[in-house]
Amino acid sequence: MQTDQEEFLRLIEENKRIIFKICNSYCYNKNDHDDLAQEIVCQLWKSCGKFDTEYKFSTWMYRIALNTAISFYRKEKKSAPTVPLTEHLLHVEDNDGGTGILEAKINSLHQFINELKALDRALMILYLEEKNYSEIAEILGITETNVATKISRIKEKLKQKFLTINY
Amino acid sequence: MEDMELKNIWKEYDRRIEESKILNMQSWALNIKTYEYLQTQKAKSGLNALSGFKKWMIFAGILFIAFLVLLIIKSLKFQNIYFIGSLSSIVIFNILAIIFYLRHIVLIHEIDNTESLVEVQEKIVKLQTSTLRITKILFLQTPFYSTFFWSRAMITGNPTAFFFIAVPVTLFFAALSIWLYRNINYHNAGKRWFRILFSSKEWTSIIKAVNFLKEIEEFKKEAV
């Protein structure tokens, strides 16, 4: 049991940035963010016994994390955020002169992703995490062709939105 | 903006999460010992709450059926045939509703987050909208509440009142309940009569679930 817990914590440690990013994409405030992160970890722990080695670990983890996040989002859905979602993590000082622009771009990307519908948002997160179309299709439960078409359309919208902003 | 630039922005975001050390401050990842406590907390919300509501409805339903069965047993005489017939019909509809609630509880426990997003979310939303199905079944029992006081003495003693008041009232309720049975569905969720029939809180959650179901359907469709 102790070994199971240690192994589980190691996997969580390795993947905590993904969990963090999913939470940031489906939550509008800090308290909800922490609640969702905890809920995802709980669901992952609870589902440990159901892990099928036939699938990749990341497929299993993304399914649980995104399903939990979407259910949480639907339950807790509130008005749009009044402060940038990344505010609490982008205060890190950087000597790079281009940081301001990059920071603004990260915030814009976040904002655009958060404007997408719940399932499109999941699709975009998986795309940006560089999952291949076959794995995205498996996680979402749609066909690869559908994944490709949807990604292409959403990317086009994102590009258009970026064009409207002067950095 | 090229595809790579989008991915690079995301990578930079990833790098900053790591760099900011914010994750080191996150106790959630390391606090597995709170798991059981959290499970208790979560039992009060989400699907567990839905399951709790359905369990409560089953309990209340069983009590109601037991009460009706007791009344039927106490009135087992031929002259009470309309009363017994009406109560028996009401019992049947309530048993049907309980069977549906039991089935829903089984389905809630079968929801498995390791399945694909579309499968899981579709199941959850369908469970939320299933309240409508049970409600419309329960509406079908309405006419029987207007027949339990019928009796042979009433029909032969005052046929005018029976045929011109009691029967039309029952027919009205029968027609109304059949109409409601046919029309209570998510396609009509936006209509005024539907909103009046269901309380605002129920209506809001049903509308949300219906809209999400449409979103899932749209998402599943092969884009052309």
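Every read-out reported here was derived from the displayed coordinates using simple, explicitly stated rules and does not represent laboratory data. Note that the structure is a prediction, hence the values are computed from the model and not measured. FYI the Cβ positions are ideal-geometry reconstructions off the backbone, even for glycines, and counts take in every protein chain you see.
Side notes on the structure shown:
- In this structure, A:Lys50 does not satisfy being surrounded by 14 or more Cβ atoms within 10 Å (Cβ to Cβ) and at the interface with chain B (Cβ under 7 Å from one of its Cβ atoms).
- Residue match in the range B:121-141 (condition: away from chain A (no Cβ under 13 Å), surrounded by 12 or more Cβ atoms within 10 Å (Cβ to Cβ) and more than 30 Å from A:Lys75 (Cα to Cα)): yes
- Taken over the range B:1-15, the criterion of being over 11 Å from A:Leu128 (Cα atoms) and of a type in the set (Lys, Arg) is satisfied by B:Arg15 alone.
- When the range A:158-167 is limited to residues that are touching a residue at least 12 places away in the same chain (Cβ under 8 Å) and part of a helix (DSSP H, G or I), the one that is surrounded by the most Cβ atoms within 10 Å (Cβ to Cβ) turns out to be A:Leu158.
- One residue alone among B:Val169, B:Val106, B:Val118 is within 30 Å of A:Ile40 (Cβ to Cβ), surrounded by fewer than 16 Cβ atoms within 10 Å (Cβ to Cβ) and either in contact with a Cys (Cβ under 9 Å, 6 or more places away or on another chain) or not charged (D, E, K, R) (or both), and that residue is B:Val106.
- All told, A:Lys131 meets the bar of being buried (at least 19 other Cβ atoms within 10 Å of the Cβ), farther than 24 Å from B:Asn211 by Cα and among the charged types (D, E, K, R).
- Some residue of the range A:15-24 being at the interface with another protein chain (Cβ under 9 Å from one of its Cβ atoms) and either assigned to a loop (DSSP other than H, G, I, E, B) or of a type in the set (Asp, Glu) (or both): no
- The range A:98-145, residues that are outside any helix (DSSP H, G or I) and charged (D, E, K, R): A:Lys117, A:Glu129, A:Glu130, A:Lys131
- Given (1) surrounded by 14 or more Cβ atoms within 10 Å (Cβ to Cβ); (2) in a helix (DSSP H, G or I), number of the condition A:Tyr55 does not satisfy: (2)
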